[in-house]
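Below is one structure, written out as C-alpha cells; comments come after it.
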Amino acid sequence: MAVLRSYVAGRWVAPDAGEVVRDAVTGDEVVQIGSAGIDLAAALDFGRRVGGPALRSLTFHERAALAKSVGLLLREHRDELYALSHRTGATTADARIDVDGGIGVLLSYASRAKRELPNDRVMVDGPVEPLGRAGHFVGQHVLTPRLGVAVQINAFNFPVWGPLEKLAPALIAGVPSLVKPATPTAYLTARVVELIVESGLLPDGALQLLCGSAGDLLDHLTEQDSVAFTGSAATAQRLRSHPNVVARGVGFTAEADSLNLSILGPDATAGSAAFDRYVDQLVTEMTVKAGQKCTAIRRAFVPHGQLDAVREAVAERLARVVVGHPGDPTVTMGALASLEQREEVRRSLKALESAATIAVGDPERVDVVGADAERGAFLAPILLLADDNRRAELHEVEAFGPVSTLIGYRDTADVVELAALGRGSLAGSVVTDDADFARDVVLGLAPWHGRLLVLDEEAATESTGHGSPLPNLVHGGPGRAGAGEELGGMRGVVHHLLRTAVQASPRMLSAVTGRWVRGAGRSTDGAHPFTKSLADLRIGDTIVAGPRTVTMADIEHFAEFTGDTFYAHLDEEAAAKNPFFGGRVAHGYLIVSFAAGLFVQPDYGPVLANYGIDDLRFVTPLKPGDEMTVTLTCKQISPRPGEYGEVRWDALVTNQRDETVATYDVLTLVAKEWQ
C-alpha cells in the first residue's frame, strides 16, 4: 500500500507511521497517511526563510502571473483529477465543482490582481491624509505582506477547491502556504500539490504540504504567521484558543459548518415557477457532493400552509436520484467521504429525530448502483419535517450529508426570528418574486449571514446556485459559521497583508509608497512628460499649462455643441438663485476638456491611449472671465507584461486666485520604449 508523503522543506518526506485511508466507494485501502517524524518547526522555518523572501521579491502582478500559470497547469490535468475524485465518493459532476472551481479561483484572482493591484511590492490603502496645516506633514496607510507562513487547514469535502481558494490570495499577497488537507481525501490534495511541485512554477518554499495530523504545528507559529481553517465549529474553537495562537496573536480565520437556510416566499405557491425553483434548489443542495457542503441547505423554511406541498414535491424529485458508484454515468449521487462520516451523519440524525420526523428516506437502507451499500459510505437522501419549529436541535445539530429539515413559519418576522436561532450561517437563500418580502427578509437575515441569494425569476436564468461561493464575493459568516472571511476579491489578498499608518513629509511618503504625493517635489525639466517612454518617465515629472480664459462664448458654444443646456450654464437669473453658483458657471466637463487641451502634447509619441479618469471632483465653480491653469504630474508608473504600461497622472485645475477648481487622476497607457 502506498504511503502518502508530505512535501516540506523542499523535499518529499514519508511519515514514520500512519493510518489507512479507504476508498469511499469500495472500502479498499488507498494510502497510508501520517505525520509522525516530520519536523514541522523546520517546515515553517523553511517557508519563512526561503519561500517568503522569494515571493516578496516579486510584484503583485508577477505573483498573479504565477497563479495563472498554476491554474493553466492544473486545467491540463482535470481528467486525472476527476477520476481520482471518484475514490472520494464524488461523481464527475461533483468533481467538476471541486476541480474546476479551484482552478477558476486561481485564474480569477490572477486576472483581478492585474486589474486592481499595483505592479509593485507595496499597496496603499485609502487616500493621503493631511496632518498639518501647511501640507508638510501627511499620513497614509500602506499594506505589506506578512513575514510568516499562511497555514491552511482544510476540510475533507473539497480537496481541490479548498486548498486552491486559500492558496490563490496568499500567493498573490506574497505569503508562502503550508497546506494541511483533511485525512479522508488528502491523497487528492497531495496529487494537486505534486503536479504543482513537479512543474517548478513556484519558488522553493512557496507551497508546502502536510499530510496526516497537524501534530505540534501550532506550537511553532509566530506573530507573522496566520491560520485559515475550514471544518467544524468545535474544531475551529479549539484551534482558535490554542495557547500559542492566543499568546502570539497569530492571525486566525475560520469558515465553519453552519445551519444554512433557504426560505420559500409566501407568494410562491404550489404550481408556481418560484415554488419549483425552491424545490429544485433544495434537492440539488441535498444531493450534490452527497450533501457534504459547508453551504448546503440544512433548514428549509416554508410557510405553514405550503409544508405538505413542498414535502410531496421534494419526495417526488428525490425518488429520481440514483445513488451508487460515481463512475457509473447513470448515478446522480455518490458516497460520503468515509464510513466514519456516514456514522457521524447517522448519529446527528438520531439527535434531529428528537425534534423532527423523517418524511423521506431511510438512514439504514439505500439502493445502490454498481457498488456495495455497506462497504461504501452510501446513505439515502433524508428529508425531515420539524415537529416544533423552535426546538433547539433543529437549529444546532448539523447532519453533514444529504439531509435537510422542513420547518414551517408564520410570517416575515417569524422566519427572521427562527433563522437567528442558528447563531450564524455561511449562506442563505430567499426564493420569491415579492420585492418587499425579499427586502425585509434580507435585512433581517444579514447580521447572521455571510452571503444571501435572492432567487427571483430574473436571477434564476443566470444564478450559480445557493451553495456556490464565488471568488469575487466573501465566503464566511458570523457566529457559529466562524466569524471569518475568505475570498471576496482582493479582500482575500488584503487578509494576508498588514496595514501600517505611515506619517511623513510628502517627499518621504512618496518615496515609501512609490506614488507621487501632493506636496512632494515636481520636476519640470523642459521636456513634456507625454514625450517620455516608461524608461525615461519619472514619478513627479510635471507639465504646468495655461492659463486659459473661459468666456461666455465658450460656455454657450459647449452647451449648444453637447446638448448640455442645464440652467446653471445658460440662465443667469436661475443660476443666481442657486446657492452654490450665484450666477452662470462653466460646465464641469468643459473644464476637463479644456484642461486636456492645455496639457496634451498632440504629436505622435509614447502615450498610446487615455483609458479613464478616476476620482473626479469639482471644487470651485469657474465663471465667465475666470482663468484656468492645469498642473499634470506623473503620480504612479505600473509596467505591464509586453510593450507598454499604465501611468496615473495627478491633475489639478486652479483659477487665477490659486483656488482649486477640479482634481482628478488621468489614466494612460504608455510605451516602455520609444525611438
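Is it the case that region 410-432 has a residue that's at pLDDT 95 or above, in contact with an Asp or Glu (Cβ under 6 Å, 6 or more places away or on another chain) and either among the acidic types (Asp, Glu) or open to solvent by 30 Å² or more (accessible area, probe 1.4 Å) (or both)?
Taking every residue of region 410-432 in turn, at least one turns out to be at pLDDT 95 or above, in contact with an Asp or Glu (Cβ under 6 Å, 6 or more places away or on another chain) and either among the acidic types (Asp, Glu) or open to solvent by 30 Å² or more (accessible area, probe 1.4 Å) (or both).
Regarding region 287-295, can at least one residue be identified that is open to solvent by less than 60 Å² (accessible area, probe 1.4 Å), of a type in the set (D, E, K, R), within 23 Å of residue 416 (Cβ to Cβ) and under 31 Å from the mean Cα position of the chain (by Cα)?
Looking for residues that are open to solvent by less than 60 Å² (accessible area, probe 1.4 Å), of a type in the set (D, E, K, R), within 23 Å of residue 416 (Cβ to Cβ) and under 31 Å from the mean Cα position of the chain (by Cα), one finds none in region 287-295, hence no.
Would you point out which residue out of 300, 274 is under 32 Å from the mean Cα position of the chain (by Cα) and outside any helix (DSSP H, G or I)?
On inspection, the qualifying residue turns out to be 300.
May I ask you to list the residues in region 329-355 that are open to solvent by less than 10 Å² (accessible area, probe 1.4 Å), assigned to a helix (DSSP H, G or I) and in contact with a helix residue (DSSP H, G or I) (Cβ under 8 Å, 6 or more places away or on another chain)?
352
Just to be sure I understand the filter: pairs with C-beta atoms under 6 Å, separated by 6 or more residues or on different chains, first member in region 634-653 and under 14 Å from residue 664 (Cβ atoms) and among the aliphatic types (A, V, I, L, M), second member open to solvent by 50 Å² or more (accessible area, probe 1.4 Å) and modelled with pLDDT of 95 or more. Which pairs pass?
none
Testing residue 410 on (1) within 30 Å of residue 364 (Cα to Cα); (2) in contact with a His (Cβ under 8 Å, 6 or more places away or on another chain), one condition comes back false. Which one is that?
Result: residue 410 passes all but (1).
Quick one: in region 267-286, of everything that is under 15 Å from residue 463 (Cβ atoms) and of a type in the set (D, E, K, R), which residue is least open to solvent (accessible area, probe 1.4 Å)?
Here the answer is 285.
Return yes or no: is residue 121 surrounded by fewer than 19 Cβ atoms within 10 Å (Cβ to Cβ), part of a helix (DSSP H, G or I) and either under 24 Å from the mean Cα position of the chain (by Cα) or on the phi > 0 side of the Ramachandran plot (or both)?
no
Would you pick out the residues in region 75-95 that are more than 23 Å from residue 171 (Cβ to Cβ) and open to solvent by 50 Å² or more (accessible area, probe 1.4 Å)?
Scanning region 75-95 gives 79, 83, 87, 93.
Show the residue pairs that are 6+ apart or on different chains and have beta-carbon atoms under 7 Å apart, the first residue being within region 338-362 and over 21 Å from residue 29 (Cβ atoms), the second being in a helix (DSSP H, G or I) and open to solvent by 40 Å² or more (accessible area, probe 1.4 Å).
Once the first residue is over 21 Å from residue 29 (Cβ atoms) and sits in region 338-362, its partners that are in a helix (DSSP H, G or I) and open to solvent by 40 Å² or more (accessible area, probe 1.4 Å) give 351/393; 352/393; 354/393; 355/393; 359/311.
Here is a list: 492, 482. Which entry is under 23 Å from residue 169 (Cα atoms) and under 15 Å from the mean Cα position of the chain (by Cα)?
492
I'd like to know if region 2-20 contains one or more residues that are crowded, with 18+ Cβ neighbours inside 10 Å, closer than 28 Å to residue 401 by Cβ, of a type outside the set (Lys, Arg) and touching a residue at least 40 places away in the same chain (Cβ under 8 Å).
For region 2-20, residues crowded, with 18+ Cβ neighbours inside 10 Å, closer than 28 Å to residue 401 by Cβ, of a type outside the set (Lys, Arg) and touching a residue at least 40 places away in the same chain (Cβ under 8 Å): present.
In this structure, is residue 98 farther than 18 Å from residue 190 by Cβ, open to solvent by less than 30 Å² (accessible area, probe 1.4 Å) and either touching an Asp or Glu at 6+ places or on another chain (Cβ under 8 Å) or acidic (Asp, Glu) (or both)?
It is false that residue 98 is farther than 18 Å from residue 190 by Cβ, open to solvent by less than 30 Å² (accessible area, probe 1.4 Å) and either touching an Asp or Glu at 6+ places or on another chain (Cβ under 8 Å) or acidic (Asp, Glu) (or both).
Residues in region 136-146: is at least one more than 30 Å from residue 468 (Cβ to Cβ) and under 20 Å from the mean Cα position of the chain (by Cα)?
Scanning region 136-146, I find at least one residue that is more than 30 Å from residue 468 (Cβ to Cβ) and under 20 Å from the mean Cα position of the chain (by Cα), so the answer is yes.
Out of 668, 629, which single residue is within 17 Å of residue 546 (Cα to Cα) and assigned to a strand (DSSP E or B)?
Just a single option satisfies the conditions, and that option is 629.
Which one is least open to solvent (accessible area, probe 1.4 Å), of the residues in region 478-510 that are touching a residue at least 60 places away in the same chain (Cβ under 8 Å) and among the polar types (S, T, N, Q)?
505
Report yes if some residue within region 29-46 is surrounded by fewer than 21 Cβ atoms within 10 Å (Cβ to Cβ), within 31 Å of the chain's Cα centre (by Cα) and part of a loop (DSSP other than H, G, I, E, B); otherwise report no.
no
Can you confirm whether residue 133 is among the basic types (Lys, Arg) and either at pLDDT below 95 or buried (at least 22 other Cβ atoms within 10 Å of the Cβ) (or both)?
For residue 133, the condition - among the basic types (Lys, Arg) and either at pLDDT below 95 or buried (at least 22 other Cβ atoms within 10 Å of the Cβ) (or both) - is met.
Go through region 47-67 and give me each residue that's under 19 Å from residue 220 (Cβ atoms) and crowded, with 23+ Cβ neighbours inside 10 Å.
Correct list: 47, 51, 52.
Report whether or not residue 70 is in a strand (DSSP E or B) and either without any contact (Cβ under 8 Å) to a residue 24 or more places away in the chain or open to solvent by less than 40 Å² (accessible area, probe 1.4 Å) (or both).
No.
Criterion first (outside any loop (DSSP other than H, G, I, E, B), modelled with pLDDT under 95 and open to solvent by less than 60 Å² (accessible area, probe 1.4 Å)) does residue 371 satisfy it?
Taking the combined requirement at face value, the residue does not satisfy it.
Would you point out the residue of region 651-663, among those that are open to solvent by 10 Å² or more (accessible area, probe 1.4 Å) and not basic (Lys, Arg), that is nearest to residue 536 (Cα to Cα)?
Selected residue: 652.
Would you please name the residue that is nearest to residue 615 (Cα to Cα), looking only at residues in region 639-649 that are open to solvent by 10 Å² or more (accessible area, probe 1.4 Å) and assigned to a strand (DSSP E or B)?
648
List the helices (runs of 4 or more DSSP H) that sit entirely inside region 148-266 and contain at least 3 residues that are surrounded by fewer than 23 Cβ atoms within 10 Å (Cβ to Cβ), in contact (Cβ under 8 Å) with a residue 40 or more places away in the chain and not polar (S, T, N, Q).
Because the criterion is at least 3 residues that are surrounded by fewer than 23 Cβ atoms within 10 Å (Cβ to Cβ), in contact (Cβ under 8 Å) with a residue 40 or more places away in the chain and not polar (S, T, N, Q), the helices (runs of 4 or more DSSP H) in region 148-266 that meet it are 186-199.
The values are calculated or read from the model by the stated rules, or taken from the named source; none is laboratory data. Just so you know, these numbers come straight off a predicted model, no measurement behind them. Because the Cβ atoms are built from the backbone with ideal geometry, glycine has one as well, and the counts that use them run over all protein chains shown. Protein only, heavy atoms only, side chains kept; ligands, DNA and RNA dropped before computing areas. Shrake-Rupley method; radii C 1.70, N 1.55, O 1.52, S 1.80 Å.
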